[in-house]
Amino acid sequence: MNLNLRNAIVHNVSGNTQEELEDTIVDAIQNGEEKMLPGLGVLFEVIWKNSSEEEKKEMLSTLESGLK
């Protein structure tokens, strides 16, 4: 079975509203299930690829602060 997980995740959330996307993210974090991590990773990849250099620096700063 040749399943492209990344494409499946993007397909599942394509066309979602901001509220639906937020619900998806919050649900994945609150559930804390390991199986949700790939989906969050794909969503982060989309954010990263569509962010300016300044936005990326801000995300990295937030991440660094959150990991201290």
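All of the numbers you see were taken from the coordinates with simple rules; none came from a lab. Everything quoted here is computed from the prediction, not taken from an experiment. Quick reminder, even Gly has a Cβ in these numbers, built from the backbone with ideal geometry, and neighbours come from all protein chains shown.
What does the extension gain come out to for VAL13 and GLU55, with contour length at 0.36 nm per residue minus their alpha carbon separation?
12.9 nm
Apply the Karplus curve 6.51 cos²θ - 1.76 cosθ + 1.60, θ = phi - 60°, to the phi angles in segment 56-61 and return the couplings in whole Hz, x for Gly and Pro.
Using θ = phi - 60°, the values come out as 4, 4, 5, 4, 5, 5 Hz.
What GluC sites (Glu not before Pro) does segment 16-67 have in DSSP loop regions with at most 10 other beta carbons within 10 Å?
Values: sites: GLU19, GLU20, GLU22, GLU33, GLU34, GLU45, GLU53, GLU54, GLU55, GLU58, GLU64; in loops: GLU33.
Sparse-neighbourhood loop GluC sites (Glu not before Pro): GLU33.
What is the angle, in °, between the Cα long axis of helix 37-49 and the longest principal axis of the Cα atoms in the chain? Nearest 10 is fine, range 0 to 90.
So the helix axis and the longest Cα principal axis differ by about 60 degrees.
Output ³J(HN,Hα) for segment 23-28: one whole-Hz value per residue in order, computed from phi by the Karplus curve 6.51 cos²θ - 1.76 cosθ + 1.60 with θ = phi - 60°, and x for Gly and Pro.
Values per residue, Gly and Pro as x: 4, 4, 5, 4, 4, 4 Hz.
Counting helices only, and only those DSSP H runs with n ≥ 4, report the 222 nm mean residue ellipticity of the chain as the sum of -39,500 (n - 2.57) divided by its residues, in deg cm²/dmol to the nearest 500.
So the helix-based figure for the chain works out to -23000 deg cm²/dmol.
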